[in-house]
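Contents: one structure, followed by commentary.
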Amino acid sequence: MIFGIGCDLCAISRMKKSLTGPHGAAFARRVFGPAERAALGLDGTDSAALTARRAASAAADFAAKEAFLKAAGTGLAGPFSLAEIEAVRLASGAPAYRFAGRTAEWVAGRRLTAHLTLSHDGGVAMAVCLLETSPDES
């Protein structure tokens, strides 16, 4: 059964500005989890080398976090940290969520499965999250 649906948009130029500005490294650590930072090339100190493709991916990952919060129905008022909500890519290239910390506990406690789709075009990235409850195993 559907628990919640969320969607979000993020301007790629705004994300690039946030990541390459004077506080870009701190922003990346606060917003993106370790796997995301590694995939985006943000785990070093030189975020000025952020390519257009990586900026689009970062914007899509950020939109995925916001879409999850909307699907959860709590926003950041819940037990969540943005860096605990990671948008990762499977070996097939498909996007998926990976949760850590209190966010992982919240998802597991509600027996939820999270589905994610991402896209970007025309300077905007978007994400859709579907949270689904697991069927009872009676």
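The values are calculated or read from the model by the stated rules, or taken from the named source; none is laboratory data. Note that this is a predicted model, so its numbers are computed, not measured. Heads up, the Cβs are rebuilt from the backbone with ideal geometry, glycines too, and the neighbour counts pull from every protein chain shown. Quick note on the areas: whole protein, heavy atoms, side chains included, nothing else; ligands and nucleic acids left out. Shrake-Rupley method; radii C 1.70, N 1.55, O 1.52, S 1.80 Å.
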Per 0.36 nm of contour for each residue apart, how much would the distance between ALA38 and ARG89 grow if the chain were fully extended, relative to their Cα-Cα spacing?
17.2 nm
A correct Stokes-Einstein calculation for segment 34-138, using the alpha-carbon Kirkwood radius, 25 °C and 0.890 mPa s, returns a whole-number D in µm² s⁻¹ of 169 µm²/s
Accessible surface ranking that places the most exposed of ILE5, ILE12 first, with a 1.4 angstrom probe
ILE5, ILE12
Mind giving me the nanometre distance, one decimal, between the label points for ARG98 and LEU76, set 7 Å out from Cα along Cα→Cβ?
2.3 nm
When Lys and Arg each count +1 and Asp and Glu each count -1, what net charge do the other residues less than 12 Å away from PRO34, Cβ to Cβ, add up to?
-1
Accessible area in square angstrom per residue, the chain, 1.4 angstrom probe
54 Å²
Using a 1.4 angstrom probe on heavy atoms only, work out the carbon and sulfur share of the accessible area of segment 1-94 in %.
59 percent
Considering only DSSP states other than H, G, I, E and B, which trypsin sites (Lys or Arg not before Pro) in segment 80-138 qualify as loop sites with at most 15 other Cβ atoms within 10 Å?
ARG110, ARG111
